[in-house]
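Here's the structure we're looking at; comments come further down.
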Amino acid sequence: MFTSLPQFVSHLKDQGKLLVVEREVDPRFELNAVIRKIQAGPNLPVLFERVGGSRFPVLSNTLGNYSIVSGLLGVEIGRAAARWSELTRPDQRDTDQHFPPESSAWEEISLLDLPQIVYCEKDAGPYITAGVVIAKDPDNEVVNLSYHRMQIIGGNELRGRLSTSGDLYRIHQRAEARGEGLPVAIAIGMAPALMLAAGTTVGPDRTEYDLAARIAGKRLPLVPSPRLGVPVPAATEILLEGVILAGERRPEGPFGEWMDYYVPITNNHVFDIQHVYARKGAMYYSISAGSVEEQVMLALPMAGTIYTNVRTWVPSILDVSCFPYMQYCVLQIRKQFEGQAQKAILTAFGAELNHVLFCVVVDEDVNIHDWYDILWAMGTRCRPDRGIFQIPGVPSFMRDPHQIHWGRLGIDATKPLAHAVDFERKRTPGIEEVRWQDYVRPKRSVAAQ
Ligand SMILES: Cc1cc2nc3c(=O)[nH]c(=O)nc-3n(C[C@H](O)[C@H](O)[C@H](O)COP(=O)(O)O)c2cc1C
């Protein structure tokens, strides 16, 4: 398993899964436009070797492909949710909190040496989108990791949003109550296990470092950050140190966010950045907000949580997907009795109250990682007058001024057990092995001959 980002990148290169952009790209719009086009095409990781105004190459989309990410968990795509559920089981033995005294070779740079990437037309300016904020909870010494988008204001200042439901918000509040700022490190570019773990909530008593160790299959070395002593991964590409100020909120935004809308200007937390370091030959990392990369990073932990909960009530659950939009959840079950799909739906909604609005249940012969297949199941196995039920009046996430994300809709697209024989999917024997390329020759036009 990979202990650093460069190690993962060389693996991707060896596998022919890394796209390299050699020509210089403009960090204002062009870089994001290329990322989006690649995601809509081959959807592979991409390395921009030359980005205008900065000496750092920029890496993106290493976690935007569900199959590559499933591979990081050591499973096929159809087992990813179940594997995530296993990895986050609370009864797992956690690694200890000992930090080996490894030295990490960083050189000091300034905030403006970093690529100043502007993503969307109405964004307020350049943003850091792959910054993982690392902070120690003063109450129990547990180290928390979470992503927070940050607007680069200039000088030493960043501004960013800390969701009120997150651990970092709570930790910062504790420091603020004492009239103190919260010392933090911000890591940009880490081993993929750490980048995945940082996008999930493991609760106040556990650290994402332990989850990363489980994903990687071994502990990833940590070191104290150079000035503030925050435990950070030794193999971090770019590291910032600073303080989230107490009692200070300043306007941040607008920014084109995960739902592909602009979040308006709001008063948000202020990061006073005191030191910026780069590893020798460091890569910068960019996550295009709301793109498949962010969706995979958020959908996988959600699917794992839902799998864990649904399994309690519907043990014949096989797989869960919340990709490509977290408002949807698709459950694959081996149905044992009528009404089981409805039980599964209710549990899924209860397991994830912030995002999932629509839940579809399908049988084991439907590929839940292919929306054509899901729509086929809905079209051929769901009776709209009986198979759909609505739950009114339940809000989802808090930033919903127009109350659009209220209510839930469940869709039972499983076949009726009493008539299962009439719902057998037709199949052509041997089709899985057939490659159409082995059967045709390119036909040249007469003129070309
Ligand atoms: C790419 C990316 C960007 C994110 N940006 C933010 C953000 O700006 N603010 C925020 O509160 N959460 C953001 N999140 C979500 C948090 O990182 C995520 O919910 C995390 O699990 C919270 O962890 P915590 O509860 O341990 O603090 C983002 C997640 C990803 C993957």
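The values are calculated or read from the model by the stated rules, or taken from the named source; none is laboratory data. Note that the structure is predicted; figures quoted are calculated from it, not measured. We place every Cβ from the backbone using ideal geometry, glycine too, and count neighbours over all the protein chains shown.
In region 193-218, what residues are away from the ligand (no atom under 13 Å from the Cβ) and either small (Gly, Ala, Ser) or touching a Phe, Trp or Tyr at 6+ places or on another chain (Cβ under 8 Å) (or both)?
In the first step, residues of region 193-218 are kept if they are away from the ligand (no atom under 13 Å from the Cβ); the result is 193, 213-218.
Scanning region 193-218 gives Ala193, Ala213, Ala216, Gly217.
In a strand (DSSP E or B) and touching a residue at least 12 places away in the same chain (Cβ under 8 Å): which single residue out of Val9, Val20 fits that description?
On the way: Val9 fails: in a strand (DSSP E or B).
Only one candidate qualifies: Val20.
Restricting attention to strands (runs of 3 or more DSSP E) lying wholly within region 190-283, give those where 3 or more residues are among the polar types (S, T, N, Q) and within 30 Å of Tyr66 (Cβ to Cβ).
Those strands (runs of 3 or more DSSP E) do not exist here; none qualify.
Please enumerate the residues belonging to region 147-189 that are near the ligand (Cβ under 7 Å from one of its atoms), in a strand (DSSP E or B) and closer than 25 Å to Gly281 by Cα.
Tyr147
Any residue at all in region 350-357 that's outside the structural domain of Trp313 (by TED's automatic domain parsing) and either in contact with a helix residue (DSSP H, G or I) (Cβ under 8 Å, 6 or more places away or on another chain) or basic (Lys, Arg) (or both)? Show your work before the answer.
Filtering region 350-357 down to residues outside the structural domain of Trp313 (by TED's automatic domain parsing) leaves none.
No, the conditions are met nowhere in region 350-357.
Would you confirm, using the coordinates I've provided, whether Pro324 is of a type outside the set (A, V, I, L, M), within 10 Å of the ligand (Cβ to nearest atom) and within 17 Å of the chain's Cα centre (by Cα)? Please lay out each step first, then the result.
Numbers: of a type outside the set (A, V, I, L, M): yes; within 10 Å of the ligand (Cβ to nearest atom): no; within 17 Å of the chain's Cα centre (by Cα): yes.
Here the answer is no, as Pro324 does not meet what is asked.
Could you please find all residues in region 253-285 being farther than 24 Å from Ala299 by Cα, aromatic (Phe, Trp, Tyr) and within 14 Å of the ligand (Cβ to nearest atom)?
Within region 253-285, just Phe271 meets the criteria.
Of all residues in region 405-433, how many are free of Cβ contacts under 8 Å to residues at least 24 places away in the same chain, part of a loop (DSSP other than H, G, I, E, B) and surrounded by 10 or more Cβ atoms within 10 Å (Cβ to Cβ)?
Number satisfying all stated conditions: 1.
Looking only at region 389-418, count every residue that is over 17 Å from Lys335 (Cα atoms), of a type in the set (A, V, I, L, M) and in contact with a strand residue (DSSP E or B) (Cβ under 7 Å, 6 or more places away or on another chain) and tell me the total.
3
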